[in-house]
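Heads up: the structure comes next, in structure tokens.
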Amino acid sequence: MMTANEIRDSYKKFFESKGHVIVPSAPMVIKDDPTLMFTNAGMNQWKDIILGTKDPEPRRRTDSQKCLRVSGKHNDLEEVGHDTYHHTMFEMLGNWSFGDYFKEGAIDYAWEYLVDVLHLDPKDLYVTVFEGSPEENIPRDDEAAQYWLKHLPADHIIDGNKHDNFWEMGDIGPCGPCTEIHIDSRPENERNGIPGRELVNKDDPQVIEIWNNVFMQFNRKADGSLEPLAMNVIDTGMGFERLVRMLQGKHSNYDTDIFQPIIKEIEAISNFKYGFTTPSGKDGECANDQEKVDVAMRVIADHLRAVAFSIADGQLPSNAKAGYVIRRILRRAVRYAYTFLNQREAFMFKLLPTLVREMGGAYPELPAQQELIGRVIKEEEDSFLRTLEKGISLLSGAMDELKAHNQTELDGKEAFRLFDTYGFPLDLTELICRENGYTVDEKQFDEEMAQQKARARNAAVVENGDWMIVKDGEQEFVGYDYTEYECHILRYRKVTQKKNSFYEIVLDYTPFYGEMGGQVGDQGVLVSEDETIEVIDTKRENNQSVHIVKEMPKDIEADFMACVDTDKRNASAANHTATHLLDYALKQVLGEHAEQKGSYVSPTTLRFDVSHFQKITDEELRQVERLVNELIREDYILDEHRNTPIDEAKKMGAVALFGEKYGDKVRVVKFGPSCEFCGGIHATSTGRIGFFKIVSESSVAAGIRRIEALTGANSEEAIYDQEDTLTELKAMFNNPKDLKAVVQKYIDEHEAMKKEMESSRQQGVARHAKALIEGVEQVDGLNIVKAVLNVDAASAKDIVFKVREAITEKLVCVLGSVNDNRPQLSIMLSDDMVKEGGKNAGKIIREAAQLIKGGGGGQPHYAQAGGKDASNLSAAVDKALELLK
Ligand code: SER
């Protein structure tokens with residue numbers, strides 16, 4: 001039996017033998033596309049090629065792509081674990097033809113691979129072809145059906161509707177009819193005379209789609225219309241996990257060697273056994289505890305992969321956007337582990353070595369960052385488990401309330417508050433309530449949820465108008481060489497955000513850099529003969545610079561000069577170049593594990609995140625600064641290599657980032673020993689940075705440190721500031737020669753003075769205590785000590801404790817003290833007064849302190865109270881004594 005790793009290899013090798021170039025998976029996390037957070041299909045990384053804005057060579061490629069379907073059009077999250085074949089993260093095997101072979105080639109290759117290489121039985125294979133759509137004016141795909149007839153009898157070819165056989169990436173973007181290959185994997189004795197074709201696309205867990213061949217022919221536009229693509233594209237996607245399941249003869253993807261090693265590890269850690277069941281109750285509900293355990297194990301095994309691969313791609317769990325999706329996936333797994341496997345402590349991170357062992361060969365980003373991934377997962381688990389504990393204690397409080405009021409249903413608002421404020425999920429609230437004999441008002445919970453969603457929608461509505469075409473064509477970026485360039489408007493659109501609105505413009509030529517790779521977009525102006533329009537920001541969309549303007553020019557067809565604000569750009573560029581030098585220096589000083597984990601540069605900011613597992617010491621920071629400043633003084637000239645084939649770039653030693661999407665050709669940016677893959681705007685030489693100064697070092701997440709630094713005029717100003725502070729400080733000490741020695745002398749004198757004062761205070765305490773002890777009065781068998789003294793609160797406390805040390809029986813000591821006009825009352829009792837006499841200093845002091853307009857409390861044997869009215873202090877002392885007698 002072939003292993004999963006062997007199957008993945010055999011697929012790529014087969015297509016390599018058919019002239020395809022094997023290419024790596026793109027990152028699963030997408031950084032520069034506002035329409036998509038995660039790769040949800042193999043074709044995402046080729047979107048630009050498919051839309052014709054990027055070089056299609058080489059025209060035949062093959063890969064295994066990491067995908068995540070947890071948001072947007074393709075979202076499987078809630079299914080995962082409850083069945084045997086949905087996943088958050090999965091691998092998609094793909095072969096691609098960009099304007100090379102089309103329907104016939106794709107169908108022939110698919111057949112040859114499945115039947116001749118993998119030896120699947122043709123009688124179990126069914127295919128679907130698009131039935132056509134009159135309203136979109138697309139006929140039935142007779143062509144594909146015709147080619148399939150070469151391999152399959154007509155009754156294995158089934159017409160499919162738009163939902164199943166017209167594939168779209170999202171609401172907009174490349175799309176086209178597709179042909180799917182389904183396999184009937186039912187054992188002979190379970191077929192009961194029902195032919196497989198009747199079960200295709202009928203949710204039968206054993207008759208499933210394994211391969212989708214999309215014939216990309218259209219681009220879906222924002223207005224819903226279809227425009228034909230310039231070339232025909234083959235986009236095939238084979239669900240790797242399903243294929244492995246078929247070939248290994250398993251009933252469930254989770255029974256293959258992709259998931260079993262992880263599940264075995266979960267068994268070992270949790271002491272629960274996997275039962276190979278699926279939910280059998282109504283609507284897929286779990287009918288017994290074993291089914292719940294199995295769902296939990298599948299959820300954990302699946303989610304571990306999604307989370308680990310996302311972190312490897314540079315996406316840390318967080319509170320926003322992609323980071324929040326990852327956090328939710330991880331928390332879903334923790335929740336199942338907590339509820340069904342009794343895991344009260346972080347444990348997912350312990351599964352990581354198994355995952356790395358199984359998948360690290362195919363995806364080197366995993367082993368390379370194993371330590372970081374493990375730390376991040378553990379920290380997330382720990383923090384969510386704390387949230388769960390907190391939620392559980394709040395919930396038990398709420399249930400006590402219900403009990404006290406003889407009620408049995410928890411308010412939906414309360415359940416929502418737990419969810420919203422403490423991240424405590426409804427199903428867990430319900431479970432705990434049920435176990436304690438309560439129900440939850442789910443309807444009210446849903447209403448609260450709907451209201452909150454409506455509020456969020458109102459706050460964040462962004463409406464993008466349709467693009468208005470002024471001139472046909474695509475944009476060329478000229479910003480590496482120019483900061484001013486003649487141009488024309490190609491298209492524009494209006495964007496409305498709540499009360500705010502602006503326009504986005506695409507130019508034919510532009511020197512404006514659109515925000516990307518942590519560098520902010522350029523600002524500047526568009527100038528025509530008659531007007532000047534301010535560009536307030538530049539964004540990046542589909543590899544093009546989109547210029548943001550408040551107002552459209554009156555003459556949109558005019559000749560414009562696009563002029564970048566060079567002061568701002570030069571400052572950003574210096575900061576960007578400094579991050580490269582910083583990256584290099586950190587690796588020198590801390591070691592090769594110090595990987596860039598994020599950066600942000602603007603004209604005024606330089607922020608750099610790096611993986612390192614403890615605080616970077618002051619000494620190390622200084623070493624880093626020295627090295628960066630040395631590289632600045634060397635004044636290395638920018639040595640850039642555009643359109644370098646990626647292998648050549650790697651040979652040059654260029655540093656690439658995990659999780660970054662690189663094309664076949666990349667730009668390499670070198671400054672002396674620093675060499676990186678980079679598309680950003682840089683200083684023309686390192687000398688332009690001027691001076692580099694780190695201003696802070698902090699932690700952003702487990703194993704990730706953040707450095708903030710200044711360059712150029714900003715670092716100069718920071719030094720002036722520090723110098724000014726020092727100058728003022730010197731002046732305060734009369735400009736001594738050796739400021740440090742003088743300050744040290746002051747500190748020493750101050751310490752000595754403090755000691756002296758403390759010792760004289762102690763003497764005072766001893767003197768007062770002695771006098772009080774000597775002045776003790778015996779009244780009715782009690783030892784009464786009372787006084788009003790001018791001492792501070794700390795001394796008053798020390799005095800009464802000294803009295804108690806000396807008089808251990810029948811002691812009733814009441815001391816009034818005044819300091820700075822603030823009265824204070826202290827009561828001290830010997831233990832027998834509390835135990836046998838039943839007296840309580842804490843209670844009595846509250847009453848007596850009313851006379852000095854104050855309050856306080858304490859223990860039964862000792863209490864203190866402060867007040868506002870010193871004039872009644874003696875009366876308060878007498879009152880306390882009276883209450884104590
Ligand atoms: N794009 C298609 C899919 O995701 C085929 O790769 O199913």
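The values are calculated or read from the model by the stated rules, or taken from the named source; none is laboratory data. In this text the structure is predicted, and so the values were computed from the model without any measurement. Don't worry about glycine lacking a Cβ; one is built from the backbone with ideal geometry, like all the others, and counts go over all protein chains shown.
Filter region 377-394 for residues that are hydrophobic (A, V, I, L, M, F, W, C) and over 16 Å from the mean Cα position of the chain (by Cα) and give the result.
LEU385, LEU388, ILE392, LEU394 - these are the residues of region 377-394 that are hydrophobic (A, V, I, L, M, F, W, C) and over 16 Å from the mean Cα position of the chain (by Cα).
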Across region 208-266, the tally of residues that are away from the ligand (no atom under 16 Å from the Cβ) and not hydrophobic (A, V, I, L, M, F, W, C) stands at 21
Note: among VAL628, VAL668, VAL624, just one is under 24 Å from ALA312 (Cα atoms), modelled with pLDDT of 95 or more and more than 27 Å from the chain's Cα centre (by Cα), namely VAL668
Looking across region 765-793 at residues that are buried (at least 19 other Cβ atoms within 10 Å of the Cβ) and under 60 Å from the mean Cα position of the chain (by Cα), the single one that is nearest to SER826 (Cα to Cα) is VAL791
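On the basis of being away from the ligand (no atom under 16 Å from the Cβ), of a type in the set (Asp, Glu) and over 33 Å from the mean Cα position of the chain (by Cα), does GLU180 make the cut?
No.
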inquiry  = Within region 179-187, does at least one residue satisfy the condition of being farther than 18 Å from ILE208 by Cβ, buried (at least 20 other Cβ atoms within 10 Å of the Cβ) and not basic (Lys, Arg)?
reply    = no
For THR128, the lone unmet condition from (1) crowded, with 18+ Cβ neighbours inside 10 Å; (2) out of contact with any helix residue (DSSP H, G or I) (no Cβ under 9 Å at 6 or more places or on another chain) is (2)
Those residues of region 812-863 that are within 23 Å of ASN790 (Cβ to Cβ), of a type in the set (A, V, I, L, M, F, W, C) and surrounded by fewer than 21 Cβ atoms within 10 Å (Cβ to Cβ) come to a total of 1
Of the residues in region 31-60, those that are part of a loop (DSSP other than H, G, I, E, B) and either within 15 Å of the ligand (Cβ to nearest atom) or closer than 22 Å to CYS178 by Cβ (or both) number 9
Flagged in region 1-11 as touching a residue at least 60 places away in the same chain (Cβ under 8 Å), not in a loop (DSSP other than H, G, I, E, B) and not β-branched (Val, Ile, Thr), in numbering order, are ALA4, ASN5, ARG8, SER10, TYR11
Scanning region 395-446 for residues that are in contact with a Cys (Cβ under 8 Å, 6 or more places away or on another chain) and in a helix (DSSP H, G or I) gives LEU395, MET399
Restricting attention to region 613-622, the residues that are crowded, with 17+ Cβ neighbours inside 10 Å and polar (S, T, N, Q) number exactly 0
Of the residues in region 1-30, those that are over 25 Å from ALA312 (Cβ atoms) and within 16 Å of the ligand (Cβ to nearest atom) number 2
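Considering only residues of region 332-358 that are of a type in the set (A, V, I, L, M) and more than 24 Å from HIS82 (Cβ to Cβ), which is surrounded by the most Cβ atoms within 10 Å (Cβ to Cβ)?
LEU352
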Log entry, pairs with first residue in region 169-192 being under 23 Å from ARG140 (Cα atoms) and assigned to a loop (DSSP other than H, G, I, E, B), second being of a type in the set (A, V, I, L, M) and within 11 Å of the ligand (Cβ to nearest atom), beta carbons closer than 7 Å, six or more apart or on different chains, reads MET169/ALA41; MET169/MET43
Over region 290-325, the set of residues among the aromatic types (Phe, Trp, Tyr) and touching a residue at least 12 places away in the same chain (Cβ under 8 Å) is PHE309
>> Against the definition (free of Cβ contacts under 8 Å to residues at least 40 places away in the same chain, charged (D, E, K, R) and surrounded by fewer than 20 Cβ atoms within 10 Å (Cβ to Cβ)), how does GLU104 come out, yes or no?
In response: no
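Yes/no matrix, rows are residues, columns are (1) at positive phi; (2) in contact (Cβ under 8 Å) with a residue 12 or more places away in the chain:
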position	(1), (2)
PHE677	no, yes
GLY690	yes, yes
GLY703	yes, yes
ALA718	no, yes
THR725	no, no
ASN734	yes, no
GLU751	no, no
SER760	no, no
VAL776	no, yes
- Task: Restrict the check to region 441-453 and report whether at least one residue is closer than 30 Å to PHE502 by Cα, surrounded by 14 or more Cβ atoms within 10 Å (Cβ to Cβ) and aromatic (Phe, Trp, Tyr).
- Result: no
Taking region 100-149 and keeping residues under 23 Å from ARG59 (Cβ atoms) and β-branched (Val, Ile, Thr) leaves ILE107, VAL117
